[in-house]
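Have a look at the structure below, then the notes.
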């Protein structure tokens, strides 16, 4: 067996599943004798060291337990427990994440889009180094765009603050639409913003 095989199960964004679903997932994993499992940095489930054909069968059995993935949508949404479960949370990051991860687009986005949502200013999901970063303050949501935490890191640009849930979802869609229309194929948002510029981008997404 190739010990280097690595497969990520989509549809488990934000790392959310009920205890009942978790029990069923573990039962299926045990059925296939998966050598190793891991919760990834993106809060998704990775299956390690499996035969490729066995991976396909396992994923097929997991399918009823996971949410459908949006068409041409984001790579993943990472969210903290937020005000539902954390004493520091001032806003419901999980509810917002559930809305944003279902954003779909008519055409594929130019590159991977990773979204980090934090329910307070401590920003545990590192929103400033995500393609789309969102964090809460007492005044509402702040949205930043164009961050990257990879080998060529970049802090995202602040686009707007004091946003309601509806406003931030709408603005995320606008930001990704402009990115889709203007960025080069395979260009991540960080490199796109370096080329396009924050002033032009804000004019495009904030104008009515």
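Report the residue count in region 23-69 for those that are within 20 Å of the chain's Cα centre (by Cα), buried (at least 16 other Cβ atoms within 10 Å of the Cβ) and either on the phi > 0 side of the Ramachandran plot or free of Cβ contacts under 8 Å to residues at least 40 places away in the same chain (or both).
The total comes to 3.
Only one residue in 173, 195 is surrounded by fewer than 19 Cβ atoms within 10 Å (Cβ to Cβ), free of Cβ contacts under 8 Å to residues at least 60 places away in the same chain and not in a loop (DSSP other than H, G, I, E, B). Which one? If you could, list the steps in order and put the result at the bottom.
Numbers: 173 fails: free of Cβ contacts under 8 Å to residues at least 60 places away in the same chain.
Just one listed residue meets the conditions, 195.
Taking region 73-118 on its own, how many of its residues are more than 23 Å from residue 189 (Cα to Cα) and in contact with a strand residue (DSSP E or B) (Cβ under 7 Å, 6 or more places away or on another chain)?
First, pick out the residues of region 73-118 that are more than 23 Å from residue 189 (Cα to Cα): 81-92, 94-95.
Still in the list and also in contact with a strand residue (DSSP E or B) (Cβ under 7 Å, 6 or more places away or on another chain): 90-91, 94.
Residues in region 73-118 being more than 23 Å from residue 189 (Cα to Cα) and in contact with a strand residue (DSSP E or B) (Cβ under 7 Å, 6 or more places away or on another chain): 3 in total.
So which residues in region 133-149 are surrounded by fewer than 24 Cβ atoms within 10 Å (Cβ to Cβ), out of contact with any strand residue (DSSP E or B) (no Cβ under 6 Å at 6 or more places or on another chain) and touching a residue at least 24 places away in the same chain (Cβ under 8 Å), if there are any at all?
137, 138
Name the residues in region 83-101 that are assigned to a helix (DSSP H, G or I) and in contact (Cβ under 8 Å) with a residue 24 or more places away in the chain, would you? Write out each step before concluding.
Of the residues in region 83-101, the ones assigned to a helix (DSSP H, G or I) are 83-85, 93-100.
Of everything in region 83-101, those that are assigned to a helix (DSSP H, G or I) and in contact (Cβ under 8 Å) with a residue 24 or more places away in the chain turn out to be 83, 93, 94, 95, 96, 97, 98, 99, 100.
Can you name the number of the only condition in (1) assigned by TED's automatic domain parsing to the domain that holds residue 106; (2) more than 24 Å from the chain's Cα centre (by Cα) that residue 81 fails?
Of everything listed in (1) assigned by TED's automatic domain parsing to the domain that holds residue 106; (2) more than 24 Å from the chain's Cα centre (by Cα), residue 81 misses just condition (2).
Right, residue 163: surrounded by fewer than 24 Cβ atoms within 10 Å (Cβ to Cβ), modelled with pLDDT of 95 or more and touching a helix residue (DSSP H, G or I) at 6+ places or on another chain (Cβ under 6 Å) or not?
no
The values are calculated or read from the model by the stated rules, or taken from the named source; none is laboratory data. This is a predicted model, so every value here is computed, not measured. Counting neighbours? That spans all protein chains shown, and the Cβs are built from the backbone with ideal geometry, glycine included.
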